[in-house]
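Here is the structure we will look at.
Every number here is computed from the coordinates shown, using simple stated rules; none is lab data. In this text, all values refer to a predicted model and were calculated from it rather than measured experimentally. Using ideal geometry, Cβ is built from the backbone for each residue, glycine included, and neighbour counts are taken over all protein chains shown.
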């Protein structure tokens, strides 16, 4: 929302008066004087006029969860437990999931109440790498790396996946790096090369790696460095 509109709505003044307050240097956003009434201000910013707060910024939450198997990446479900059930009740309001995992998949899951920030983490065009540990039912064929690097055609979406990199660990285990996050993408990619995923664990999203001290079901707040690693 524009700063002048916030002032008009919350301070009971006209838009013209609001712009005059801004021009006079009487308005601060997060403690800094702002002289642009057209500035976009989100709900996380604290706005004050003459040091009187007219919008108290909402606290932005960024949580890293070690997702266990059996939990849905959803905020509510009538049948299955959801990852939100693992979060303290007083933190749940407004949280959404940045990059879902299916019910059987484990590992790094990010929850936040900051929609603009989470889009920077999940938007395919930003090309944030997502790293998975994959176990397959059959030995990974020598051709798999080349096929994944070329991209796999998905008939339903009528598109070819972005080039992906696979790093073999042993015959049936590998690390896979993808840059999207399409529906069951990893499982569908392996199905396309005649294999089947039997377990999937996300280790990393961009510069944010799953904290190895977190047991399944545990979570912590992201560090400032982790939060700032996501492009705005």
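With the simple model of a label 7 Å out from the Cα in the direction of the Cβ, residue 180 to residue 224 spans 3.8 nm. Only one item in (1) 28, 22, 15; (2) 25, 21, 18; (3) 43, 20, 15 matches semi-axes √(5λ) of the Cα gyration tensor in Å derived from the coordinates shown, and that item is (3). GNM on the chain, alpha-carbon springs under 10 angstrom: the most fluctuating residue among 14, 141, 162 is 14. The relative contact order of region 3-55 comes to 33 percent, based on Cα pairs under 8 Å that sit 6 or more residues apart.
Residue separation of residue 157 and residue 76 scaled by 0.36 nm, minus their Cα-Cα distance, works out to 26.5 nm of gained length.
Between residue 147 and residue 209, full extension at 0.36 nm per residue minus the direct alpha carbon distance yields a gain of 19.7 nm. Please report the relative contact order for the chain, taking Cα pairs under 8 Å with a sequence separation of at least 6, and give it as a percent rounded to a whole number. With pairs under 8 Å counted, the relative contact order is 19 percent.
Stretched out straight at 0.36 nm per residue, the stretch from residue 36 to residue 50 would grow longer than its current Cα-Cα span by 3.4 nm. Between 215, 102, 170, the residue with the greatest mean-square fluctuation in the GNM of the chain (Cα pairs under 10 Å linked by springs) is 170. GNM remark for the chain: springs join alpha carbons under 10 Å apart, and the peak mean-square fluctuation among 24, 93, 209 falls on 24.
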